[in-house]
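Sharing a structure here in structure tokens format.
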Amino acid sequence: MEEFPKYYGGLETESLWQKRWEEEGIYRFDPDSSKPVYSIDTPPPTVSGQIHIGHVFSYTQAEIMIRYFRMKGFNIFYPFGFDDNGLPTERFVEKQLGVSAASLPREEFISQCLEISKNIEAQFKELWQSLGFSVDWDQLYSTIEPSSRRISQRSFLDLYKKGLVQKKAMPALYCPFCRTTVAQAESEDKEIPSQFVDLLFHLDDGRELIIATTRPELLPALVAVFVHPDDPRYKELHGHSVRSPLFDREVPLLTDGKVDPEKGTGAVMCCTFGDTTDIEWFNTHSLPLRQVIDGAGRLNELAGPYQGLKVSEARTKIKDDLEAAGLLRGRKEIVHSVNVHERCGKEIEFLVKDQWFIKILDKKEELIAQGDKIHWFPDFMKERYVNWVKDLKWDWCISRQRKYGVPFPLWYCKSCGQVVLAKEEELPVDPLQTLPKDPCPHCGGREFLPEADVMDTWATSSVTPQINGRWGEGDDRLEKIFPMSLRPQAHDIIRTWAFYTIVKSYYHHGQAPWKNIMISGHSLAQNREKISKSKGNAGVTPAQIIKNNTADTVRYWAAGSRLGMDTFFSEEVLKNGKRLITKLWNASKFALMNLENYRPGTTGKRNLIDLWILARLDQLVEGTTQYMEKYEYGLALSTLETFFWKDLCDNYIELVKGKIKEGTEEERIGSQEVLYKVLWTTLRLFAPFLPHVTEEIYSLSLKENEKHRSIHLAPWPENEGFCLTGEDEKKSLFLLRLVDAIRKGKTEKKLSLAHPIALFRFSSPWPREDSQIREALPTIFSLLKVQEEAERFEPDYTFQEEGLSLAIKWGEKEEKAPDQQRPL
RNA sequence: AGGCGCGUAGCUCAGUUGGAUAGAGCACUACCUUGACACGGUAGGGGUCGGCGGUUCAACUCCGCCCGCGCCUACCA
């Protein structure tokens, strides 16, 4: 056994172990192993800015579980990846460089993206390593690398051949600022101040009609006016037409039950398009299309004199002109919530564009059924998935009018206009760079137009199981790892990563991508708000927090709440973690001191105290294992912590000291064997949570005997069937009560726990000469300095409760020699 | 407005299928340097379990309504 240092090395020790784990490759996936495979589909973080403590919270919880499964004997496939293409990365790079993508040539912009991504990815990897993550870094992937692009394009071709993706012109969410369409998942709500204005319209017979709107700039896009069919105010107007102010266009007055008579004046403008209701009416009432906003967010020729103005400029100008013409009858300041693009915060418009859509709306039932086949932890998170799918209003639009991303593998034939797909062997292909080798299969044409859009970033990051499984790349990796065992992620991305990945796996393979999904909560900022890049409330960086506290301490914090629950970042909890690590170090050090003359494997005589801790240990193994099986790492840890601190340190280790020092050889070996077993088991139970300190203790002590290369490759402890029942159990608990009672006596009399007890007697429900109790007494007397048991004496202190009474005569405290006193 | 979750000691959180005086850590009080650990130990104070009603022999736990907070979705006339 090596020398056990007085103090634990903390950060330095951690980085040494991180390096050794990596060098020795102990977390590598072994494709030839006969163990059952456990594969993890880790969400590739988006390269779009700095990582914050919330990411650490979520990823650490998963990592703890993965360490558990490794110890349970699984062959772990734990890859890591980065999602480094698409709009999020583009926006990030634009910000970093202070340029817009449009102002740079495509090639140059892409090479800038790649360079900046590489830097960020290096930082990510360093951070994960500094937390001791047991990732197999040989499996590292990025969603922009050629094989990922190929698989992403293969995914598109497969969907195309199955008729699950189609190009169609229909209203889509469009961000004029980013100049691209976006998916429903990329829009979010934002409270924005606005003005509700009353406009004066005239009916065809000259009567007046007031309509309230927040978007007067859409007047040139007016296609109808709606009222509620039962609204008495407007009953007589049914069938008439309405003339719009300023633009002098005549549109029909129609009725629809969706109109809320309470809102505004109960009469509504329907423009193409102001909101989702407009789209609905456009479809249900077959209205004409009048699109006045262009891709740059400016009004077009349909707006007449307002052509070229931005939406916001046009809004002001049109209001001013209406006012001047006496057609604006009222203004009301309001704050309303508006759909904005999550990446830039700018208002989203609905524009009709020719876009590629993956079919969702007519597959909702099947997609919900797939979600149902996955085990969700915690189970209620499934509701969020189901609700999201149920409420979807759009098919999944995957066209992005951007530069950096995976291109569509197709061209359009110039003569017949048909789609010409790339061939499997050409992938990955950039249609802007190359042309089809063969003539158009539809008409034999030889000239082609490339599809210039790129795919939505999620079109790529939704195929992570396929990327990890090298789908279609000519080996059997996919069969080995798919469906993947676990998807770990936070609850905010159920609607994106989880949803899209389920869609893709179901469409490609007819099954859900994972067996289990664990959904973690968020780490909240001090004011109970979600931490997010846009709010800038992330606080201290994770790297700094680890530096200040060690990785094991940060992991302890991350494990400190139940799965799925949001938690605060808390210095307090970090402090507790540090205390635990120190205690673990000290307790191990002391246990090992007491094991110095013990030969592992030998057995001796056990007393009731030994049997009690073994029984508690089995309960602990049972309890923590059950919690881990339910992904309740937090409950497992707190059970473990309570056992370690209360049962092991405060009681067993204290009690066993005397027996090991003063007992017979048989007694000594009996307790040493138990102590060894308890220490080894406890360390392994702590290992997934505190991988560094447990590895360090293990390597300094038990490794010599246990022989596993790392504690993390040792098996998770099993229940060995120890338990105390009947009288044995009652007697063991009695002995612990006896210890408590004596401690209480000393404390009440304000004496040191080491204060000698000159004379002592006690009574129990068992005969005086009960051998099991007798055997355990020297241990207790040694700890509490009981010098002599006596029948008759005048006590200084007595204590009595059900089944236990005792009497004590205090002894004289020995003065310590000055040289024995602890130096300051 | 709908969905999901949360509301337990001053703070951070446990309390698994309803069952005796509701738990832990921090903080607080008193005492104790005990042979690993004062980043320790022993004892103690502190809670109308968000509110109201219901089911039950029994409710922190189940049901209904309400209040507060968070997240997701909807609401742009």
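Read-outs throughout are calculated quantities, based only on the coordinates presented, and are distinct from any laboratory measurement. Every value quoted in this text rests on a predicted model; they were computed, and no experiment measured them. Here Cβ is always computed from backbone atoms with ideal geometry, including for glycine, and neighbour counts include all displayed protein chains.
Explain nothing, just the number: relative contact order of the range A:680-775, from Cα pairs under 8 Å at least 6 residues apart, as a whole percent.
Dividing the mean separation by the residue count of the range A:680-775 yields 19 percent.
Using the count of nearby Cβ atoms within 10 Å as a rough guide to exposure, how do A:GLU571, A:GLU473 rank from fewest to most?
Starting with the residue having the fewest Cβ neighbours, the order is A:GLU571, A:GLU473.
By average Cβ neighbour count within 10 Å, what is the ranking of A:419-427, A:319-327 from highest down?
A:419-427, A:319-327
If you don't mind, there's one more thing I want to ask. What number does chain A give for Rg over Rh if you use C-alpha atoms and the Kirkwood radius?
Result for chain A is an Rg/Rh of 1.12.
Could you check the simple spin-label distance between A:LEU302 and A:LYS346, using points 7 Å along Cα→Cβ, in nm with one decimal?
Placing both labels 7 Å along Cα→Cβ, they lie 2.1 nm apart.
Kirkwood hydrodynamic radius for the range A:257-410: how many Å is it when counted over pairs of different Cα atoms?
Mean inverse Cα-Cα distance, inverted, gives 19.5 Å.
Whole percent per 10 Å bin, from 0 to the bin with the longest distance: what is P(r) over all C-alpha pairs of the range A:296-369?
13, 28, 32, 14, 10, 2
Shifting gears a bit: Please work out how much length the chain gains when fully extended from A:ARG28 to A:LYS168, using 0.36 nm per residue of separation minus the C-alpha to C-alpha distance, in nm with one decimal.
Taking A:ARG28 through A:LYS168 to full extension adds about 45.8 nm, to one decimal.
Treat the count of other C-beta atoms within 10 Å as a stand-in for reagent exposure and order A:SER103, A:SER187, A:SER805 from fewest to most.
With the sparsest Cβ surroundings first, the list reads A:SER103, A:SER805, A:SER187.
Using only alpha carbon pairs under 8 Å that are at least six residues apart, calculate the relative contact order of the range A:227-316 and give it in whole percent.
17 percent
I need the Debye-formula profile for the range A:616-705: one equal scatterer per C-alpha, no solvent, reported as log10 I(q)/I(0) at q = 0.19, 0.25 1/Å, two decimals.
-0.94, -1.27
Neighbour counts of other C-beta atoms within 10 Å: give me A:CYS113, A:CYS649, A:CYS413 arranged from fewest to most.
Ranking A:CYS113, A:CYS649, A:CYS413 by Cβ neighbours within 10 Å, fewest first, gives A:CYS649, A:CYS413, A:CYS113.
For the range A:593-655, state which GluC sites (Glu not before Pro) are in a DSSP loop and have at most 14 other beta carbons lying within 10 Å of their beta carbon.
Loop-located and lightly packed - A:GLU596.
Need one number: nm distance between label points at A:ARG207 and A:LEU289, each 7 Å from Cα along Cα→Cβ, rounded to one decimal.
In this crude label model, A:ARG207 to A:LEU289 measures out at 3.4 nm.
Give the calculated FRET efficiency between A:LYS480 and A:GLU666 to the nearest 0.05, with a Förster radius of 41 Å applied to their Cβ-Cβ distance.
0.20
With label points built 7 Å along Cα→Cβ from the Cα atoms of A:GLN544 and A:ASN387, find their separation and express it in nm.
3.6 nm
Students often forget the sequence filter, so: which aspartates and glutamates lie under 14 Å Cα-Cα from A:LYS480 once same-chain residues fewer than 8 apart are removed?
The qualifying aspartates and glutamates are A:ASP30, A:ASP32, A:ASP41.
For the range A:92-219, would you read off the P(r) tail past 26 Å as a percentage of all alpha carbon pairs?
Percentage above 26 Å: 58.
What is the extension gain from A:THR277 to A:ASP321, computed as 0.36 nm multiplied by their sequence separation minus the C-alpha to C-alpha distance, in nm to one decimal?
13.1 nm
On alpha-carbon atoms, Rg over Rh for the range A:377-418 using Kirkwood Rh?
Computed over Cα atoms, the ratio is 1.26.
Given that compact globular proteins tend to follow 2.2 N^0.38 Å, what is the ratio of the alpha-carbon Rg of the range A:209-285 to that value?
Against the empirical 2.2 N^0.38 Å value, I get 0.99 for the range A:209-285.
With a cut-off of 8 Å between alpha carbons and a minimum separation of six or more residues, what is the relative contact order of the range A:622-745 in percent?
This gives 17 percent for the range A:622-745.
To two decimal places, what compactness ratio does the range A:642-688 give when its Cα radius of gyration is scaled by 2.2 N^0.38 Å?
1.21
Taking a virtual spin label 7 Å from the Cα of A:GLU426 along the C-beta vector, which residues in the range A:140-163 bring their backbone nitrogen under 20 Å of it?
Taking a point 7 Å out along Cα→Cβ of A:GLU426, the residues of the range A:140-163 whose backbone N falls under 20 Å are A:146-163.
How many percent of all Cα-Cα pairs in the range A:136-278 sit more than 22 Å apart?
57 percent
What is the Cα radius of gyration of the range A:483-638 over 2.2 N^0.38 Å, N being its residue count?
That ratio works out to 1.44.
Once the mean 1/r over all distinct Cα pairs of the range A:695-769 is inverted, what Kirkwood radius in angstroms do you read off?
Here the Kirkwood hydrodynamic radius works out to 17.0 Å.
Moving on to the next point. Please give the Cα centre distance for the range A:385-410 versus the range A:222-257, rounded to the nearest Å.
Cα centroid to Cα centroid, the span is 36 Å.
Also, I was wondering about something else. Roughly what % of DSSP beta bridges within chain A run antiparallel, to the nearest 5?
In chain A, approximately 75 percent of DSSP beta bridges are antiparallel ones.
Once the piece of chain linking A:SER415 and A:GLU769 is laid out straight, how much longer is it, given 0.36 nm per residue of separation minus the C-alpha distance between them?
Computed gain between A:SER415 and A:GLU769 is 116.8 nm.
Okay, next question. To make sure I understand the rule: partners must be lysines, Cα under 28 Å from the Cα of A:LYS319, and not fewer than 8 residues away in the same chain. Which ones qualify?
Result set, ordered by chain and number: A:LYS190, A:LYS258, A:LYS263, A:LYS310, A:LYS332, A:LYS346.
Continuing with this model, one more query. Across the Cα atoms of the range A:9-124, what radius of gyration and what greatest pairwise Cα-Cα distance (Dmax) are found, in Å?
My reading of the Cα-based Rg and Dmax gives 18.3, 55 Å.
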